[in-house]
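Take a look at the structure below.
Coordinate-derived values only; no laboratory data. The model shown is predicted, which means the values in this text are computed figures rather than measured ones. Quick reminder, even Gly has a Cβ in these numbers, built from the backbone with ideal geometry, and neighbours come from all protein chains shown.
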Amino acid sequence: MGLKLQQSHHHQSVAVKGNEQMGTKRGYTFIQSNRDWLPKLILLWVMVMGFISTWIYKKMDADNNVRREEVLSSMCDQRARMLQDQFSVSVNHVHALALLVATFHYYKNPSAIDQETFAEYTARAAFERPLLSGVAYAETVVHSGREKFEKQHGWTIKTMQREPSRLRDEYAPVIFSQETISYIESLDMMSGEEDRENIVRARATGKAVLTSPFRLLGSHHLGVVLTFPVYKSKLPPKPTMEERIVATAGYLGGAIDVESLVENLLGQLAGNQAILVNVYDITNSSDPLVMYGHQNQDGDWAVVHESKLDFGDPFRKHQMICRYHQKAPTSWTALTNVFLFFVICLLVGYILYGAVIHIVKVEDDFREMQELKVRAEAADVAKSQFLGTVSHEIRTPMNGMLALLLDTDLSSTQRGYAQTAQVCGKALITLINEVIDRAKIEAGKLELETVPFNIRSIFDNVLSLFSEKSRNKGVEVSRDKTNRKPSLAVFVSDKVPEMVMGDLGRFRQIITNLVGNSVKFTERGHIFVKVHLAESTQPVADTKVETCLNGGSDEGLLISSACQFKTGYEAADERNSWDSFRHLVVDEELRYDAPINTIDEASRGFTLMVSVEDTGIGIPLIVQDRVFTPFMQADSSTSRNYGGTGIGLSITKCLVELMGGHISFISRPQVGSTFSFTTVFKRCNKASYNDTKKSIVELPSGFKGLKAIVVDGKPGKQNGHLFKLPKVILLAKNITNVELEKAKAAGFADTVIMKPMRASMAVACLQQVLGIGKKRQAGKDMLNGSPVLQGLLCGKKILVVDDNMAHQRVFAGALKKFGAAVECRESGKAALKLLQLPCCFYACFMDIQMPEMDGFEATHPIRMMESKANEQMNGGMDEDSGRKGEWHVPILAMTADVIHATYDAGLKCRMDGCVEAL
Amino acid sequence: MDVVNQLQRQFIDYSASLHREGFLDDQFTQLQKLQDDNSPDFVVEVASLFFEDCEKLINNMARALEQQQGVDFKQVDASVHQLKGSSSSIGAMRVKDVCIAFRSFCEAQNREGCLRCLQQVTHEYSLLKNKLQTLFRLQQQILAAGGSIPVVE
C-alpha cells in the first residue's frame, strides 16, 4: 500500500509539473516578458509627449507670428498708400496753384495777381492744403533783368541768409507768398544749393520735386519743400527739356509738414497705438534720412515691414518702415492648449501604465490561482485515490470476514447476531464499492468490458432484489391499507434483442441505482421500468411511439382487459402513463408485420432507452439541477430519513456517459420522478453468442410454446411467462406468513409465486411443481430451493465420476437440467487427468467405490497438487490471505452408504462434502 | 384424440401398477421428469444402459458362483454393489431389494444363499425388463399418436 501511495504521489506531481509548464507557456505574454521595461517606457512616453507639446507650441507660435507679420504688412501698406494719396492730393493742390499763377499772372496782361491777391487766395484756400504750412511763388529772373525786377518790386533780391544776393546767372526770388510764410518774400530760392538743384530738376521735368527732409523754420517739424515749375507759355505736347527750361516762368513751392501729415494720418486709423511707423528718405541708400518717427524709439525689431512710398518725385525714394510697438505677446491660448495636451497625454500614459500594471498583476494572480487550482485538484485526486485505496483495503478483509461469519455451527442467537453482522457488512461493502467506483471514475480508470448478456434476465434479477425491499416497506408503512405500497413492474419491448454486447455489471449497477432510489423514495404507487429501443436517427421524444413496444400478439389478453395502470397514482412524466403504453401496444399490433431491416441492424450498435418511473416524493425543484453532483442529496434531512451517501446518481451519470448515453429526469415534487437514460449496446452476433452461451445466466427455454392463462386483476404485470395448465400457481402480490400457511394448507404448497413476477422465480417454481431435480444433498454445499440451485449451477462445468454408467447418466441428466455443463468420467484415473491444474471445473462429484482407484484415492493427489500450487502462489502474494487457497475444486463424494464413517473418511481426504446417492 | 386419451390413461394405469407392485419407485418418476425436449430418449437410454449393465453383472456373478470351491465372494460382492447402485439409479426397487439381501449373503460367504439370490435377481430383472419394454412401447404409441406422455404423480 505504501508503494501504491508513493506511486500515486509521483503520478500526481507529474501532473502538477505538466500543468505548470502549460501555465507558463500560456502566461508568457508580451507584457509579462517586458515588465521590467515598464517604468522606462512610461518615462520615454512622457519625454516624447513633452517634445511633441513643445513642437506644437512652436508651430502655433510661428503661425501667430506669420499672422502678426501679415497684419503688420497690411497695416503698413495701408498707411503707405494713404500717405501717398494725401501727399499726392497736396501735390495736386500745389499744381493747381501753379496753374493759377500761370493763368492769372502770365497769361493775363496786366497780371491779375499781386501779393495781396495771392496771400488772400491762398489763405482762404488753405483748408485744401492742410499739410502745407505755406506756399510761395518765386519768379525766374535772369541777371540781365535783375535791376528792372528789383525796381519794379521795390526790394533787392536777397539770399537765404537775408543778405542782398550776389551776382548770379539766374535768380528765383519769392514774389508771392502766403501770409504764414511771408518772411521768405524776396528771398532767392536759388541761393541754397539744395533748392537750386530742386528748382533745376523741377523745371526740367515739369513735375513736382521734393527736397530732403529738414526742420521747418516755423514749427521745427520735419518737413520737405515741394517745388513745382510754372511755365510762361503753353508747352508743346511733348516738350523737351530745353523747351521746358526756356518756358519756365517761375516756381511754386510749398513746405509740407510731413510729421504732421503722418501724425494726422495715423490718428485717423485704428490700431495706431500698436505699431510704430517710420518714414525715411532713402534716395541715398547708405544714409537714410528720417522723415518721420524716432530712430531710437523702443519697439519690436523682430517684425518689420517696409513699404515703398512714391510721392511723385522720381529722383527721391521714400519708404515707410512699420513695426510693432510692443514685442509679440506670449500666446496664452497656445500655451494653454499645449499644456492641456500635455496633461492629457500624461493622463493617457498614466492610464495605460496603470492598465498594464493591472494586467501584470492580474496575470500574476491568475498564475498563482492556476497553480493553487492545480494543487487543489491534485489534492482532490490524491484524496480520491486515498479513498479508493483505503476502500479497497477495507473491502478485501471485509469480504473475508463476511465469508467466514456464518461458516461454523452457531446457536440460534449467535446465528441471528452473525446474520445481522453480515447484513451490515454487506451494506458497508456496497457503500465501499460505490466509493471505489467513484474514485475509479474520477481517475478515469473505469473501463467497460464487452460481454454478451441477456437484458431481460438483468432486469429480472434487479427486480427480484428490490421486490423484497419494497414489499417489506409496504408492509411496514401501512399494514392496514392494502393498496399503499409500491408495486414493481418492468416492461421490455420485444424489439429489444435478447442478447446484447455490453458491460453487464455496470448496466446492472445503473439499473440497481435507479430502481433502488425509486424504491427508497416511494412509499405508495408504483415503480415502473420501461425498456425499449431508441432509434438514433430520431429524437427521443418522437421515437417513443415508434419503439416502445410490447410483445406482440400474445399480449391480446392483456390489452382487452386494460384498465388504469397499476395503482392509479399519477406519474411525473405523462409519457409513461398507462394510456400511452396501451396505445403503443395496439399500435404495435397494427404494424406488427412491417418488415424489419435486419441486415442493417445487425451490423451496428443500437441505443437502448430505459426509463424508471416512480410515484415517490419527487425531487424538490431547487435541487433538481444538482441531482447528479456527488454527495448531494435533496437536503440534509434526506440522508437522515432515507440514508445513503448521495453518490449513487453521480456514479450512474458517469457510467451512463461512459456507455455512450445520457441520463435525464423529470420530477414533480410529491408526484414522482422519471429517470430516463440511454445506452449504446452492440448487437450480439451469433458466433460469440454460441461460444459464451454456457457461461451466461439465462432463462431456460423449456417453456417455449406452452400456453398459459394469467389470472390477475391488474393487467400489465405479467410479461408473458407461461405455465402449464394443470398446475395451479397462486400469484400473490404480497403475502403474509399467515396467508402463506393458509395457501399451503389449501394445496398450494411451495407453489406460491410472489410478485413481481420474475422469470427465474417462475421457472424455479415450475420446476418445483413438476418435481424436477429433486436431490438430497448432504454437506455444507447443500442448498434447498431450485432457483438458488439454478443460479448456482447454471453454466458451470461439473465433473461426474462414476463407474456405474446408469448412475452416471442419471446424475448427469439431473445436473444438466439445472443448466450445468456436465462432463462424465468412469474412473478415478480418468478424472485425475481432467483435474490437472489449471482446471476449470466448478465442482466434482465422485463415486467412492470404483474399481482401480476409488474416490478417496483420487481425491488425495488432487489435493496434494492444489496445495502445492497454492503454496507457490501464496509465497508471492500475501494479500489474498483472507481467502483460502486459490486452487480448490470442491469434490463431493457420492455414496449409497450413509454410514458416518464414510463421510468422515471423505472429509479426511479433504473432500468437501458427501452426496447420498440412491 | 380418443386414442391418445385412451393410450394415456392406459400408460398412467400401467405405470401406477408398476409402482404399486413395487417394480419401480419414485426415482423412476424423477427420471421421467428429467426427460425433456433436449433429451427425448433419456429414460430409454438410461434403461438400456441399466439392462446392459445388469446382464453383464449377472453373467459375472453367475460365472463366479459356478465354481464349487473357492468362490470369489469379494468379486461377487463388488458386482452386487454395482447392481444395487444401478438399480437404485433407475428406481428398480425390487431388484435393489434383492441386491441388499444378496450382499448380506456375500458377506456371510453363503454360496447357497447367493445362488438363490442370483436366481431371484435374474427373475426380477427379466420381469422388470419386460414390464419396462411394455411401458416404452406404450410411450412410443402415445408419441406416434401425437399425444404427450402424461406425468405420473
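Among rounded, prolate and oblate, which fits the stretch A:332-436 when a ≥ b ≥ c are the square roots of the eigenvalues of its C-alpha gyration tensor, a/c under 1.5 means rounded, and a/b larger than b/c means prolate? Cα axes put the stretch A:332-436 in the prolate bin. Inter-label distance, A:V348 to A:N34: 1.7 nm, where each label sits 7 Å from its Cα along the C-beta direction. Screening chain B for whole DSSP H helices of 27 Å or more along their axis (Cα) with average Kyte-Doolittle hydropathy at least -0.5 returns B:42-66, B:111-144. Taking +1 at the Cβ of each Lys and Arg and -1 at the Cβ of each Asp and Glu, which of A:T389, A:L335, A:G425 sits farthest along the dipole of the stretch A:332-436 towards its positive end, judged by Cα position relative to the Cα centre? The one lying farthest along the dipole's positive direction is A:G425. For the stretch A:134-189, run through the chymotrypsin sites (Phe, Trp or Tyr not before Pro) and keep only the ones in DSSP coil with at most 15 other Cβ atoms within 10 Å of their Cβ. When the chymotrypsin sites (Phe, Trp or Tyr not before Pro) of the stretch A:134-189 are filtered for loop state and at most 15 Cβ neighbours within 10 Å, A:W155 remain.
Working from the Cα coordinates of the stretch B:1-145, the gyration tensor eigenvalues give, after taking √(5λ), semi-axes of 34, 14, 12 Å in decreasing order.
With only Lys, Arg, Asp and Glu charged, each at its Cβ (+1 for the first two, -1 for the last two), find how big the charge dipole of the stretch A:332-436 is about the Cα centre; round to the nearest 20 debye. The calculated dipole for the stretch A:332-436 is roughly 140 debye. May I ask which residue of A:H93, A:C76, A:N64 lies farthest towards the positive end of the charge dipole of the stretch A:58-97, with charges of +1 (Lys, Arg) and -1 (Asp, Glu) on Cβ and the Cα centre as origin? Positive-most Cα among the choices belongs to A:N64. Exposure proxy ranking for A:T283, B:T134, A:T330, A:T522, based on other Cβ atoms within 10 angstrom of each Cβ and starting from the fewest, stands as A:T330, B:T134, A:T283, A:T522.
List A:I181, A:I56 from most exposed to least, where exposure is judged by having the fewest other Cβ atoms within 10 Å.
Exposure proxy ranking, most exposed first: A:I56, A:I181.
A Förster radius of 25 Å, combined with the Cβ-Cβ distance separating B:E112 from B:Q133, puts the computed FRET efficiency at roughly 0.20.
Ordered by the number of other Cβ atoms lying within 10 Å of each residue's own Cβ, fewest first, A:Y842, A:Y231 fall into the sequence A:Y842, A:Y231.
Shown is the FRET efficiency for A:S212 and A:E163, computed with R0 = 30 Å from the Cβ-Cβ distance and rounded to the nearest 0.05: 0.80.
Label sites at A:H143 and A:E128, each approximated as a point 7 angstrom past Cα along Cα to Cβ, lie 3.9 nm apart. Taking square-rooted eigenvalues a ≥ b ≥ c of the alpha carbon gyration tensor, is the stretch B:80-128 rounded, prolate or oblate, where a/c under 1.5 means rounded and, failing that, a/b exceeding b/c means prolate? Oblate, since a/c reaches 1.5 and b/c is not below a/b. Placing unit charges on the Cβ atoms of the charged side chains and taking the dipole of the stretch B:23-153 about its Cα centre, the candidate lying farthest along the positive direction among B:L143, B:S79, B:Q35 is B:S79.
If the chain linking A:K327 and A:V246 were pulled fully straight, counting 0.36 nm for each residue of separation and taking away their Cα-Cα distance, it would gain 23.5 nm. Each of A:D300 and A:D625 was given a label point 7 Å from its Cα along the Cα-to-Cβ line. The distance between the two points is 7.4 nm.
A Förster radius of 25 Å combined with the Cβ-Cβ distance from A:Q872 to A:Q422 puts the calculated FRET efficiency at roughly 0.15.
As a quick test, which of the pairs A:K440/A:K796; A:K797/B:K33; A:K797/A:K833; A:K207/A:K317 have an alpha carbon distance above 27 angstrom in this structure? Going by Cα-Cα distance, A:K440/A:K796 fall outside the 27 Å limit. Within 10 Å of the Cβ of each residue in B:84-93, the mean number of Cβ atoms contributed by other protein chains is 5. Working note: Karplus 6.51/-1.76/1.60 with θ = phi - 60° gives the stretch A:140-154 the couplings 6, 10, 7, 4, 5, x, 5, 5, 4, 5, 4, 5, 4, 8, x Hz, where Gly and Pro are set to x.
Multiplying the residue separation of A:V71 and A:R863 by 0.36 nm and removing their Cα-Cα distance gives an extension gain of 272.2 nm.
For the pair A:T389 and A:S664, the difference between a 0.36 nm per residue extended length and the Cα-Cα distance amounts to 95.9 nm.
Taking each of A:K426/A:K653; A:K445/A:K495; A:K829/A:K868 in turn, the alpha-carbon distance tops 31 angstrom for A:K445/A:K495. For the stretch B:118-153, backbone nitrogen atoms closer than 19 Å to the point 7 Å from B:S17 Cα along Cα-to-C-beta are found at B:124-142, B:150-153. The distance linking the stretch A:389-463 with the stretch B:105-146 is 54 Å (Cα centroid to Cα centroid, whole angstrom).
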